[in-house]
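Participant: Before I ask anything, let me first share the structure, which is written out below as structure tokens.
The values are calculated or read from the model by the stated rules, or taken from the named source; none is laboratory data. Because the structure is predicted, anything quoted here is derived from the model rather than measured. Heads up, the Cβs are rebuilt from the backbone with ideal geometry, glycines too, and the neighbour counts pull from every protein chain shown. These area figures cover heavy atoms from the full protein model, side chains too; ligands, DNA and RNA do not enter into them. Shrake-Rupley method; radii C 1.70, N 1.55, O 1.52, S 1.80 Å.
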Amino acid sequence: MAKDAFGRGLKDLRISVTDRCNFRCTYCMPLNKYKWVERRELLSYEEILRLTGLFVRLGAEKIRITGGEPLVRKQLEILVKGIAALPGVKDLSLTTNGALLAEQAPPLRAAGLARINVSLDTLDPEKFKRISQRGELSDVLAGLRAAQRCGFHPIKINAVIERGVNDDEILPLAEFSRDHGFTIRYIEYMDAGNSNHWQLDKVVSKKEILQAVAARYPLREAKRTDASAPAVDYRFADGRGKLGVIASVTEPFCRECDRARLTADGQLVTCLFSPSGYDLKSLMRGGSTNDELMERIAVIWRKRTDRYSEERREAISSGTGYEPQNRPKMEMIVLGG
Ligand code: SAM
Ligand code: SF4
Ligand code: SF4
């Protein structure tokens with residue numbers, strides 16, 4: 001297995017199949033002006049499958065399909081079917097905003113998709129429109145119901161919590177998830193990309209999130225089965241389900257980070273906060289063999305020293321000040337979270 005400079009393997013691959021999205025979430029991609037990837041630069045499903053197979057040979061066993069919004073790419077089930085059939089893939093999942101899930105859940109399930117995460121930050125239809133700037137809450141709820149009917153399990157709900165925006169939704173989202181058999185995962189608001197005007201005081205910490213839930217529903221920390229999983233899991237003490245918190249800001253987990261990212265235009269990105277990626281598409285389209293591509297990926301991975309979130313925490317706690325705008329990053333819509 002490929003190991004980076006800190007001994008971290010390459011176990012988890014996140015594939016962005018498009019940078020397009022039918023939403024413009026204020027915390028992710030609030031802009032309309034953005035240079036979209038041109039169609040001819042997009043990897044085809046065959047190209048994605050070829051590269052995924054090479055990542056799997058280098059040790060990747062967990063694959064997540066993301067975007068942009070992955071469901072805006074046509075016939076995604078073709079790609080899902082191909083990846084699900086790759087020997088060595090132990091876990092295949094999808095992250096979606098859920099708007100198009102009602103129609104696509106059945107073909108995705110039939111193609112071999114195992115798990116789904118649906119992003120949902122509020123249960124208030126007006127607030128939903130304000131945050132997503134485009135979406136309808138009712139479509140996402142219909143998507144969740146359809147996914148459940150098709151037998152996806154577990155279905156996780158991802159909620160980014162931003163102070164003053166939806167911190168009053170922490171408890172309602174927990175109750176909704178418990179009542180309907182979903183697992184809620186709260187995500188600390190991150191300084192991803194360059195366009196969301198992130199500020200530290202907008203971050204609702206894991207501690208605050210847990211306090212808000214536990215005040216009503218006592219919680220117990222669940223045993224970790226996968227040390228590199230970003231979420232720390234808790235169980236409701238009454239036995240009715242689980243929740244997770246991804247505390248990238250207050251409790252970074254870079255030390256365990258075994259995630260590689262492949263952008264829709266074929267760049268390998270070694271950290272969510274990287275300023276740029278490594279172009280695999282040109283090598284592939286230029287005629288590189290599988291062995292040459294694998295060697296290139298392995299060389300990039302071996303040199304990897306990323307630990308952005310730990311550096312952020314050190315800068316914040318040292319009091320020297322942390323200015324995210326001084327660190328240019330790729331947009332979340334390119335990297336897929
Ligand atoms: N469009 C899909 C969706 O929204 O689920 C997939 C791509 S989206 C970039 C992946 C995840 O990143 C979502 O759960 C989203 O909430 C999360 N995300 C986006 N911007 C974020 C930010 N600034 N901080 C924390 N999470 C963020
Ligand atoms: Fe929102 Fe996901 Fe689209 Fe970002 S990619 S704007 S989080 S729906
Ligand atoms: Fe991994 Fe980078 Fe996130 Fe740290 S900041 S956990 S290295 S993606």
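Participant: Take the residues in region 62-76 that are of a type in the set (D, E, K, R) and away from ligand 3 (no atom under 16 Å from the Cβ), then tell me which one is surrounded by the fewest Cβ atoms within 10 Å (Cβ to Cβ). Lay out the reasoning, then the answer.
Facilitator: If we filter region 62-76 for residues that are of a type in the set (D, E, K, R), which is where we start, we get 62, 64, 69, 73-74.
Cutting the leftovers down to away from ligand 3 (no atom under 16 Å from the Cβ) gives us 69, 73-74.
Working: Glu69: 24, Arg73: 19, Lys74: 9.
Only one residue fits best here, namely Lys74.
Participant: Moving on to the next point. Of all residues in region 77-114, count the ones that are assigned to a loop (DSSP other than H, G, I, E, B) and crowded, with 22+ Cβ neighbours inside 10 Å. If you could, list the steps in order and put the result at the bottom.
Facilitator: Within region 77-114, the first condition is being assigned to a loop (DSSP other than H, G, I, E, B), and the residues that meet it are 85-90, 97-100, 112-114.
Right, trim to crowded, with 22+ Cβ neighbours inside 10 Å and you get 97-99, 113.
Number satisfying all stated conditions: 4.
Participant: Name the single residue that is farthest from Arg8 (Cα to Cα) among those in region 309-337 being buried (at least 19 other Cβ atoms within 10 Å of the Cβ) and away from ligand 2 (no atom under 16 Å from the Cβ).
Facilitator: Pro324
Participant: Can you pull out the residues in region 168-221 that are modelled with pLDDT under 95, aliphatic (A, V, I, L, M) and over 20 Å from the mean Cα position of the chain (by Cα)?
Facilitator: Across region 168-221, the qualifying residue is only Leu200.
Participant: Considering only region 20-52, state which residues are buried (at least 17 other Cβ atoms within 10 Å of the Cβ), within 24 Å of Ala260 (Cβ to Cβ), more than 10 Å from ligand 1 (Cβ to nearest atom) and at pLDDT below 95.
Facilitator: Passing the criteria: only Val37.
Participant: Given the options Phe152, Phe128, name the one that is without any contact (Cβ under 8 Å) to a residue 24 or more places away in the chain and open to solvent by less than 20 Å² (accessible area, probe 1.4 Å). If you could, list the steps in order and put the result at the bottom.
Facilitator: Working: Phe152 fails: without any contact (Cβ under 8 Å) to a residue 24 or more places away in the chain.
Phe128 is the lone residue from the list that is without any contact (Cβ under 8 Å) to a residue 24 or more places away in the chain and open to solvent by less than 20 Å² (accessible area, probe 1.4 Å).
For (1) surrounded by fewer than 21 Cβ atoms within 10 Å (Cβ to Cβ); (2) out of contact with any helix residue (DSSP H, G or I) (no Cβ under 8 Å at 6 or more places or on another chain); (3) not in a loop (DSSP other than H, G, I, E, B), each residue gets a yes or a no:
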{"residue": "Asp238", "(1), (2), (3)": "yes, yes, no"}
{"residue": "Val245", "(1), (2), (3)": "no, no, yes"}
{"residue": "Ala298", "(1), (2), (3)": "yes, yes, yes"}
{"residue": "Thr305", "(1), (2), (3)": "yes, yes, no"}
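Participant: Next up: Of the residues that sit in region 256-267 and are more than 19 Å from Lys35 (Cα to Cα) and hydrophobic (A, V, I, L, M, F, W, C), which one is nearest to ligand 3 (Cβ to nearest atom)?
Facilitator: In the first step, residues of region 256-267 are kept if they are more than 19 Å from Lys35 (Cα to Cα); the result is 256-261.
If we keep only those that are hydrophobic (A, V, I, L, M, F, W, C) too, we end up with 257, 260.
Values: Cys257: 3, Ala260: 9 Å.
The qualifying residue nearest to ligand 3 (Cβ to nearest atom) is Cys257.
Participant: If you go through region 21-47, how many residues are more than 18 Å from the chain's Cα centre (by Cα) and hydrophobic (A, V, I, L, M, F, W, C)?
Facilitator: Just the residues of region 21-47 that are more than 18 Å from the chain's Cα centre (by Cα), to begin with: 31-47.
Those left that are additionally hydrophobic (A, V, I, L, M, F, W, C): 31, 36-37, 42-43.
Residues meeting the conditions: 5.
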